[in-house]
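The values are calculated or read from the model by the stated rules, or taken from the named source; none is laboratory data. What you see is a predicted model; the values in this text were computed from it and never measured. Note: ideal-geometry Cβ built from the backbone for every residue, glycine included; neighbour counts use all protein chains shown. The accessibility values were calculated without ligands, DNA or RNA, using every heavy atom of the protein model including side chains. Shrake-Rupley method; radii C 1.70, N 1.55, O 1.52, S 1.80 Å.
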Amino acid sequence: MNTVTKTSAARAVDASKIYGSGDAEVRALDSINVEFASGMFTAIMGPSGSGKSTLLHVLAGLDTVTSGEVFIGDIELSTLKDKDLTLVRRDRLGFVFQSFNLIPTLNALENMTLPLSLGGRKADSAWQDEVVKAVGLGDRLGHRPNELSGGQQQRVAVARALLSKPEIVFADEPTGNLDSRSSSEVLSFMRAAVDNFGQTIVMVTHDAGAAAYADRVVFLADGSIEAELMNPTSATVLDRMKQLGG
Amino acid sequence: MWRVTLKGLLGHKLRFMLTGLAVLLGVAFMAGTLVLTDTIQVIFDDLVASVNDGTDAFVRSNEVVDSAFGEERNRVSADLLPQVRAVQGVAQAEGDLQFYAQVVDAKGEAIGNPGRGAPSFGFIWNPGRLNAYRLVAGNSPSAAGEVVIDRGTAKKGNLRVGSRVKVLSQSAPEDFKVAGIVTFGEADSPAGASVSLFTSEEAQRLSGAVGQYDGISISAVDGVSQEQMVRRIDAALSDPKVEVITGATLTKENQDQFTQQLSFFSTALLAFALISLFVGSFIIFNTFSIIVAQRTREIGLMRAIGASRSQIVKSVIAEAALVGILASAVGLGIGILLAAGLKALLAGLGIDIPAGATQVLPRTIILCLGVGTFVTIAASVLPSRKASRISPMQALRSTGSDPMKQLGRRSTIGVVITAVGIGSLLYGLFGNVGNPTLFVGIGALVVFLGVAALGPVIARPVSRLLAAPLPKLKGMVGVLARENAVRNPRRTASTAAALMIGVALVGFITIFAASIKNSIATAVDSAFTADFVVAAKGGGPPSLSGFSPDLAQKIKEVPGVGASSGLRFAGAELQGKGVFVIASDPATSTQLFDVKPESGDFKQLGINDVAVSSDRMKKEGWVLGQRISAKFPKGASTLKITAVFGMGQQAGLSDYFISLAGYDAHYTQQLDSQVYAKVADDANPRVVGRDIKKILKEYPTAELLDQEQFKATRSGQVDQILNLIYALLALAVVIALIGIANTLGLSIVERTNELGLLRAVGMTRRQLRSAIRWESVIIALLGTALGLVIAVFFGWALVTALRDQGLAGFVAPVDRLAVIVVLAGLAGVIAAILPARRAARLNVLDAISQE
């Protein structure tokens, strides 16, 4: 079912996530098996309640699976204690959320370097220059989030995710709150990160247009994988969604 | 609307428990004070009433001096007794004497912790109705050398009938045989005092009152009223210096005297309770402000669906009233328990308060509930007005108001209020007003409010300054702590203001005490030329104790003592003004104290002479050789100013010196407070000291001190009071800490999303806790910094105002103030424990996705 083109950056093996019990039992993830290849931009799609966000959260170490295993590289997350899990997030993963992405008391540059400085590290300055240039904020690096537009804020969030050179970046509806112009700015930036820097990105979205920026689309329904699509376009994604009845 | 209020309360139980706690503690303190003092009052009133139970009339001298040392009255001649007994209707009349008599046990220890605990008295044993004591063993004293003691003293000293004891009084120490043991009603002793009873002759001899009594107690036959008795005796006596009062009047007078002393104590405690409540009001204000801000959407929605402004105001105030009433009620209950506990504690310290029902007067209940509720409601008025200004439109917008608006106006208002406060304070201190305490107290209060109003303006720059080293020290955690501390300057400032008050008072009292200690040291260094001083152990109570002049005589006879003198402190009226007088031996005084004689001859001080400081001479416009009127316990007289000296009250001494012979002539009791000695040039001070110590074996209440030790014991006494005040202020500081914890807790709720994000991108729990801890420390240090600035100002103002009353100058004890800063920082750490733990436990995913 899964296509593995390169080495896997993250994978879930027989992973289940069950909420409640008895009649109220909800299987958010139902023995799912999926791998995400390095250097690839993957979009996860599916209707509400399909488990796409849950999948992202367990892969990112923000939530735990009820059974099965989740790996980041070779590290199995379900056995880790909170502290080690936190360090995995800090040193190996990057995050972009739909909103509340930035700390309001820190300026754009401080927000970008936050995971690094939490680890007491500094960004490689050449790399930082490159990311800062790519994020296209120019002289607004010293501004606080409330002085930036929504698109700018999300680009800062992406830059933060990239700056620590993580093994994988997870993005949860990163353009969900943006207008179409800002959305394409953010998505292009993410696309460029994959193309130019070989970054691995896994993005949850419900927007076919956003999914079209990815290399591969995984469709979820009822906690398991329904279908997938390589080199998608908006049209092929919409087409497949129709087929799946979403 | 009421349902919404109630639901709001129930929905945030912890928050309201913390807010309530701020009120509760202050109210408990207040209730405890009132209940305790009322209870002691009733117990003591009963005690006095039962002492005077059989007394229908009392004859005494009308010559009296009322000074800082209490009321001192002349004695009456024993010749009056037969005259009184001859009056028709007198069933019994007996002479009374009350004097210093300290029982010493077989081991040579003074019984009953003199210098700390209850006093030790000697009395005449009177038979029949005029005796308040009940024999439980042995017999009444019937001969010279016999004493009857109270059962408390007997138990403490392990004494029984037939035991030999030594008794210290104003005559030389003497051996007595315990003839009997008494109780005071059911109690072992009256309020823990040590009592010894003697025959009339022995009592007169021991108190230097041969042929005299303090007064005569009269018991009337049945059918003769107290008033009738007084009238008959009054008619029978012709001495114009004698007055007759009823037993009821005597009881009332004694009770009133005690009430006055007790009210000083209760007023002081109530002041500290009010300080705690004042600090608590900041916490309440802060909590309600934050809650209103957090509920902006909810309130906006209520406005949108038709709630009026006044309904919003009422709902917030109703919430406050409910919290206030509940907290005050619980505080009242705790206060009552606290009073019982304090009574037990006092008993443990040897202050034996006889059994008596705990007094919870209606006044206590009304005052505690009223003040607690009022403070809570008053503190919520501003937040409620703010709530009412929320527009329905704000229901739609997200929270987060602009905290910097109106700061310009605020700084003007703050500066004006602070200036008014400073003005009132300085006016009270330097303005020669009738009621300085009022102006100073209100001034201090207004300064606090003014600085609190200025707080939001100062908070940001000062916090940034205080937190400047943090980013270097703690990296990103430090940056976050600093930014969080300054992100809402209003909130930070009002949280810090609560601690500011406590720190200001602690710092002020520390500075004041250091200045006093410095003055003592300066005075001792400059005026103390003796080598040794014999003083009461532990300082000693101010009146009705001391040493027999026999001690000074014996020290004088020690080989190698060059000069010595007993020293007595007394109150007198000079030219109609109550003053503090020192009596010493004029022949040796100038060798023992460097009083810096200026004119006249100190050595020539006779019975009716006085030496006056040059400061006082200038102030009063007196000249050497002038005669001034004086009033002493033994009557009025005229004193001649025979000498003028330089080191008066300013140097910690007195503006007036009289001779010991003068004291003998003008005062009834003859006890030395201290004895000074200077070693002769050719003698070895160590040998002399050793010889004096040998004499002191007979005087277990005395200790020998050299200059340095004397300084140290005096400083020790100041430290004792200082520690007591620290303990009383501790509550205000604890309440301020609850405030910091409360604010942090509420802030964390507001920042849930942010905390989730931080945790998601890799902040460890430990780092998160650390950031909150440092934020708390910054707030605490902000309060401390502001508090210390105020403390230095208050301290400087008071010390300067008291300069002519013996304070040498302003001293800021840097080491102690540094300790305050460190402790405040630690307090910040403690206040952060719970909020930090709560924040660290947040589920990352829930936190991020929280709306």
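Brief remarks on what is shown
- Residue within region A:151-172 that is acidic (Asp, Glu), open to solvent by 20 Å² or more (accessible area, probe 1.4 Å) and not in a loop (DSSP other than H, G, I, E, B) present: yes
- From B:LYS711, B:LYS694, B:LYS640, residue being in the same structural domain as B:THR510 (by TED's automatic domain parsing), open to solvent by 10 Å² or more (accessible area, probe 1.4 Å) and basic (Lys, Arg): B:LYS711
- Residue count for region A:179-214 under the criterion of being open to solvent by 50 Å² or more (accessible area, probe 1.4 Å), closer than 20 Å to A:GLY136 by Cα and out of contact with any Phe, Trp or Tyr (no Cβ under 8 Å at 6 or more places or on another chain): the result is 7.
- Qualifying residue in region B:764-785 (condition: within 14 Å of chain A (Cβ to nearest Cβ), among the acidic types (Asp, Glu), surrounded by fewer than 18 Cβ atoms within 10 Å (Cβ to Cβ) and within 30 Å of B:GLN294 (Cβ to Cβ)): no
- Condition met for B:GLY434 (at pLDDT below 90 and either within 14 Å of another protein chain (Cβ to nearest Cβ) or under 24 Å from the mean Cα position of the chain (by Cα) (or both)): yes
- Just one of (1) open to solvent by 30 Å² or more (accessible area, probe 1.4 Å); (2) assigned to a helix (DSSP H, G or I); (3) hydroxyl-bearing (Ser, Thr, Tyr) fails for A:SER99. It is (2).
- Residue match in region B:525-535 (condition: open to solvent by 40 Å² or more (accessible area, probe 1.4 Å), over 30 Å from B:SER776 (Cα atoms), part of a loop (DSSP other than H, G, I, E, B) and modelled with pLDDT of 90 or more): yes
- Checklist (1) open to solvent by 20 Å² or more (accessible area, probe 1.4 Å); (2) more than 26 Å from A:ALA212 (Cα to Cα); (3) of a type in the set (Val, Ile, Thr) applied to A:THR86, failing item: (1)
- In region B:789-817, residue farthest from the chain's Cα centre (by Cα) [restricted to those that are β-branched (Val, Ile, Thr) and open to solvent by less than 20 Å² (accessible area, probe 1.4 Å)]: B:ILE790
- Some residue of region B:621-637 being assigned to a helix (DSSP H, G or I) and open to solvent by 60 Å² or more (accessible area, probe 1.4 Å): no
- Checked against the criterion of being free of Cβ contacts under 8 Å to residues at least 24 places away in the same chain, open to solvent by less than 50 Å² (accessible area, probe 1.4 Å) and touching a helix residue (DSSP H, G or I) at 6+ places or on another chain (Cβ under 6 Å), region B:583-591 contains one or more residues that satisfy it.
- Scanning region A:90-117 for residues that are of a type in the set (Lys, Arg) and at the interface with chain B (Cβ under 8 Å from one of its Cβ atoms) returns a single hit, A:ARG90.
- Within region B:816-851, considering residues that are among the basic types (Lys, Arg) and within 29 Å of A:LYS83 (Cβ to Cβ), the one farthest from the other protein chains (Cβ to nearest Cβ): B:ARG838
- Which listed residue, of B:GLU146, B:GLU201, is surrounded by fewer than 20 Cβ atoms within 10 Å (Cβ to Cβ) and among the acidic types (Asp, Glu): B:GLU201
- In summary, B:VAL457 fulfils each of the numbered conditions (1) in contact with a Pro (Cβ under 9 Å, 6 or more places away or on another chain); (2) surrounded by fewer than 22 Cβ atoms within 10 Å (Cβ to Cβ); (3) closer than 30 Å to B:ALA583 by Cβ with the single exception of condition (3).
- Residue check, B:GLN83 polar (S, T, N, Q) and in a strand (DSSP E or B): no
- Residues of region A:194-209 satisfying the condition of being closer than 24 Å to A:GLU130 by Cα, in a helix (DSSP H, G or I) and more than 13 Å from the chain's Cα centre (by Cα): A:ASP195, A:ASN196, A:PHE197
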